[in-house]
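Presented below is the structure to which this report refers.
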Amino acid sequence: MKEWKSWLQNKVIKRLSPEEASKVDKKNVFPAPVRIVRVNKGAMQGTFLPKSRIVIPGHLDPHLGSFRSDAPTVPWVTVQLAKMVGVNKGWCFLIFDVSTAFLSGKEVERDLVIKAPIDGLPACPEMNEPAVRPFELMRVCKSAYGLSEAPRLWYLRARELLISIGFEELQMAKATFIMKQKGDVIAILCLHVDDGLLVIKPSAVERVKRAIDKHFNVKEWQQIGEKGVTFLGVKTYVKHGIYYDDMSEYINTRSE
């Protein structure tokens, strides 16, 4: 299973030996096993695109309410301001999507143990991992889908990485980052969970893209042009040097 392999590659969990499992404090164990949720990611477009996710039952978290789970996302007004700055300066507009974002978040700072699904999990020969027994205990090491603080752990990790490559976060608009060169702003990056809008000076595009690709598992880069690219439900396109925002596709899709 591709999802399970992603968990192993990102070191989301640590499998416990029978001896280690016997010493686990039951107060730190989720009472229900994790689930495998299967969805059709292409349903909105009328195509079949299956996707499986391993999901922790976050509503049964034994520590629920005792830790921070807030995760800032870019304010919409900031997205519009970034577009205005970009149009005024003749900059490039790019959209990117980070793959398996939640599995790439920061480490969990509390002791949490989950149970494997009722049917277990398959062996992963590429990772030299044998099959997981049903209800086998595994310690949670990093953020995962369903974990209450997963969005926050991802935001903290993304902010940390963006700062490391030269961006700085605006204190008055969280999840909004700027990059400067010789005191002048050359790029604005708006982050909404695992989707990003990069408005950037043309001469800096390739350098900044390489830096982001080096630190993030970017699924796809799309440059806004006449065809249009969607970010946060708004399709933006440019014709004859004029940028347009269009929400008709988003509205029509959800009214069907």
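Determine one quarter of the surface area of the Cα convex hull of the chain, which equals its mean projected area, and express it in nm² to one decimal.
Projected over every direction and averaged, the Cα hull of the chain covers 16.4 nm².
Sequence gap at least 6, Cα distance under 8 Å: using those rules, report the relative contact order of the range 131-218 to the nearest whole percent.
Relative contact order comes out at 15 percent.
Reachable aspartates and glutamates from Lys219, Cα under 13 Å, same-chain residues fewer than 8 places away excluded?
By straight Cα distance, Lys219 reaches Asp97, Asp194, Asp195.
Taking the Cβ of Lys106 as the center, what net charge do the other residues with Cβ under 13 Å away carry, scoring Lys and Arg +1 and Asp and Glu -1?
So the surrounding residues net to +3.
Could you sort out which of Lys106/Lys239; Lys41/Lys142; Lys209/Lys235; Lys5/Lys239 sit more than 32 Å apart by Cα distance in this structure?
Lys106/Lys239; Lys5/Lys239
Amide H to amide H under 5 Å from Val185: which residues, 5+ apart in sequence or cross-chain, H placed 1.01 Å off N in plane?
Here the answer is none, since no amide H 5 or more places off falls under 5 Å of that of Val185.
Read phi for every residue in the range 56-69 and hand back ³J(HN,Hα) as whole Hz from Karplus 6.51 cos²θ - 1.76 cosθ + 1.60, θ = phi - 60°, with x for Gly and Pro.
7, x, x, 5, 9, 4, x, 10, 3, x, 9, 8, 6, 10
Around Glu129, which amide H atoms from residues at least 5 apart in sequence, or from another chain, sit under 5 Å from its own amide H, with H modelled in the peptide plane?
Cys124
Could you run the Karplus curve 6.51 cos²θ - 1.76 cosθ + 1.60 with θ = phi - 60° over the range 205-212 and give me ³J(HN,Hα) per residue in whole Hz, x for Gly and Pro?
4, 5, 5, 6, 4, 4, 5, 5
Taking the square root of 5 times each eigenvalue of the Cα gyration tensor, what semi-axes in Å does the equivalent ellipsoid of the range 89-178 have, largest first?
Ellipsoid semi-axes (Å, largest first): 35, 16, 11.
Mind listing the phi-derived Karplus ³J(HN,Hα) values for the range 151-160, rounded to whole Hz, using 6.51, -1.76 and 1.60 with θ = phi - 60°, and x for any glycine or proline?
x, 5, 4, 5, 4, 4, 5, 4, 4, 4
Along Cα→Cβ, 7 Å out, is where each label goes; now give me the distance between the ones at Glu126 and Arg38 in nm to one decimal.
2.0 nm
Express in % the proportion of alpha carbon pairs of the range 121-219 at distances exceeding 23 Å.
Cα-Cα pairs in the range 121-219 separated by more than 23 Å: 42 percent.
Kindly report, to the nearest 10 Å², the accessible surface of Cys92 as traced by a 1.4 Å probe over protein heavy atoms only.
30 Å²
Carbon and sulfur together cover what percent of the accessible area of the range 80-152 at a 1.4 Å probe radius?
56 percent
Label-point separation (nm) for Arg68 and Ser52, each offset 7 Å from Cα along Cα-to-Cβ?
A separation of 3.6 nm, rounded to one decimal place.
Rolling a 1.4 Å sphere over the protein heavy atoms, what is the accessible area per residue of the chain, to the nearest Å²?
I get 55 Å² per residue for this part.
Return the whole-Å distance between the Cα centroid of the range 183-256 and the Cα centroid of the range 114-179.
After rounding, the separation between the Cα centres reads 24 Å.
The values are calculated or read from the model by the stated rules, or taken from the named source; none is laboratory data. It should be emphasised that the depicted structure is a prediction, and the values quoted were computed from it without experimental measurement. As a convention, Cβ positions derive from the backbone with ideal geometry for all residues, glycine included, and neighbour counts pool all protein chains shown. Each accessible area value is taken on the protein alone, full model and side chains, heavy atoms only, with ligands, DNA and RNA left out. Shrake-Rupley method; radii C 1.70, N 1.55, O 1.52, S 1.80 Å.
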